[in-house]
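Scroll down for the structure; my scribbles are underneath it.
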Ligand code: RRO
């Protein structure tokens, strides 16, 4: 990790992306690289490592209506080319978040995308309303796909439920809405289409893949809550496949996430159909993975003589 990483082109025009073309205000970001929810806290921790202003956006950790303490330990374990987590959505709840953590957001120098999760469409609506007019917040990401809480994934496994929740949020929210989908389905396309038809402005594909590890010595599940969400390079082929599946079915941007660390990883997602990318687990290994990726993307576009990243989005589909 280098605290003084030199980034040449965080705001290079070629890297600029529009993530909400169907929203009246749009969601223009200076580049397509953001942190994945849950891997950058609420921002200040990572701000000690590099200038967050180098990123397209920071997606904050998911918040729920009330405070949560999270799941029993152990909550994480390394796996081949990845890790399992069963964190269980510990967070201060919306009331305390607004009073404490969110106050730092305007001074972080990076657009904040607030992540929210709730148990019902009505709760999603109330939670979304709390972010109206909050300084620093440029969009909402509805986490319809947390694998580690009861009912956490239900919205992203049922087209009717996700449509209802998206509509509820949009009734009260003036912000662009990203819907974060789950890989724990056979076919993501009907769910993605339902979210898009209900008015979601972009889709975040994908959350973690449900998995499990057994502690052979104890002959018991290793994680405190038995199952967990798999992330890291191991899941990249799954994410690339889902982005490739969904891209021809929707007219809204896709944000690719799952196992992205390097330029080549990001390009895979972009060529499959992603307009932007999020980096999650890689930040735990290399805290400045996101600004490094911005730098690499800028250098790649220049070397390839491309005027815009958009020229690459979905290119793997073209004959
Ligand atoms: O907190 C978690 O356990 C968690 C969440 Br909210 C999520 O969306 N995805 C994940 O892998 N873990």
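No lab work stands behind these numbers, since they all come straight from the coordinates. Just so it is clear, the structure is predicted and the values come from calculations on it, not from any experiment. Glycine also receives a Cβ, built like all others from the backbone with ideal geometry; neighbour counts cover every protein chain displayed.
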Debye log10 I(q)/I(0) for the stretch 133-184, one point scatterer per Cα, at q = 0.22, 0.25 Å⁻¹: -0.81, -0.95
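If the chain were replaced by its equivalent ellipsoid, with semi-axes equal to the square roots of 5 times the Cα gyration tensor eigenvalues, what would those be, largest first, whole Å?
Equivalent-ellipsoid dimensions as semi-axes: 26, 23, 21 Å.
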Most mobile listed residue (253, 80, 221) in the chain, GNM with C-alpha springs under 10 Å: 80
Gaussian network model of the chain, springs between alpha carbon atoms under 10 Å - residue of 19, 161, 134 with greatest fluctuation: 134
GNM top mover of 307, 61, 180 - the chain, alpha-carbon springs below 10 Å: 307
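Could you grab the relative contact order for the chain? Cα pairs under 8 Å, six or more apart, rounded to a whole percent. Don't skip to the answer; put the middle values down first.
On the way: 760 pairs, mean separation 66.1, N = 319.
The value is 21 percent.
What fraction, in whole percent, of alpha-carbon pairs in the stretch 4-97 exceed 22 Å separation?
Looking at the stretch 4-97, the distances longer than 22 Å represent 49 percent of pairs.
At R0 = 41 Å, how high is the FRET efficiency between residue 219 and residue 81 if r is their beta carbon distance? Nearest 0.05 is fine. Could you put the intermediate results ahead of the total?
On the way: r = 25 Å, r/R0 = 0.62.
According to the calculation, E is roughly 0.95.
I need to check one value: relative contact order of the stretch 164-264, counting alpha carbon pairs closer than 8 Å and at least 6 residues apart, in percent. Mind showing how you got there, number by number?
Numbers: 154 pairs, mean separation 29.5, N = 101.
Over the stretch 164-264, the number comes to 29 percent.
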Value of Rg to Rh for the stretch 135-275 (Rh from inverse mean 1/r over Cα pairs, i.e. Kirkwood): 1.01
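By how many nm would the segment from residue 227 to residue 249 grow when fully extended, if each residue of separation counts as 0.36 nm and the alpha-carbon distance is taken off? Kindly include the intermediate steps, with their values, before the conclusion.
Working: separation 22, 0.36 × 22 = 7.92 nm, distance 3.13 nm.
Extra length available between residue 227 and residue 249 comes to 4.8 nm.
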Average Cα contact separation per residue, the stretch 148-213, under 8 Å, 6 or more apart, as relative contact order %: 37
Pairs of alpha carbons in the stretch 262-319 whose separation is greater than 13 Å (percent): 62
Span from the the stretch 105-130 Cα centroid across to the the stretch 18-45 one, whole angstrom: 13
Whether the stretch 218-272 is rounded, prolate or oblate, judged on the alpha carbon gyration tensor where a/c under 1.5 counts as rounded: prolate
Net lengthening on full extension, residue 69/residue 119 (0.36 nm per residue, minus Cα-Cα): 16.4 nm
Efficiency of FRET between residue 171 and residue 103 - r from beta-carbon atoms, R0 30 angstrom, step 0.05: 0.65
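In the stretch 81-181, how does Rg compare with the Kirkwood Rh, expressed as the Rg/Rh ratio over alpha carbon atoms?
Details: Rg = 13.9 Å, Rh = 14.3 Å.
Value, to two decimals: 0.97.
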Residue 48 paired with residue 28, simple spin-label distance in nm, labels 7 Å along Cα-to-beta-carbon: 3.5
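Rounded to the nearest 500, what is the 222 nm mean residue ellipticity of the chain from helices alone, with -39500 (n - 2.57) per DSSP H run of 4+ residues and division by all residues?
Working: 9 runs with 85 residues, N = 319.
One gets -7500 deg cm²/dmol as the mean residue ellipticity at 222 nm.
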Within the stretch 8-51, backbone nitrogen closer than 11 Å to the virtual label 7 Å beyond the Cα of residue 302 toward Cβ: 8-10, 12
Rg to Rh, two decimals, where the stretch 223-319 supplies the alpha carbon set and Rh follows Kirkwood: 1.02
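Eigenvalues of the Cα gyration tensor times 5, then square-rooted: what semi-axes does that give for the stretch 136-219, in whole angstrom, largest first? Before the final figure, lay out each step's value.
On the way: eigenvalues 155, 40, 21 Å².
Three semi-axes, in Å: 28, 14, 10.
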Stokes-Einstein D (µm²/s) once Rh is taken as the Kirkwood radius of the stretch 94-134 over alpha-carbon pairs, at 10 °C in 1.306 mPa s: 142
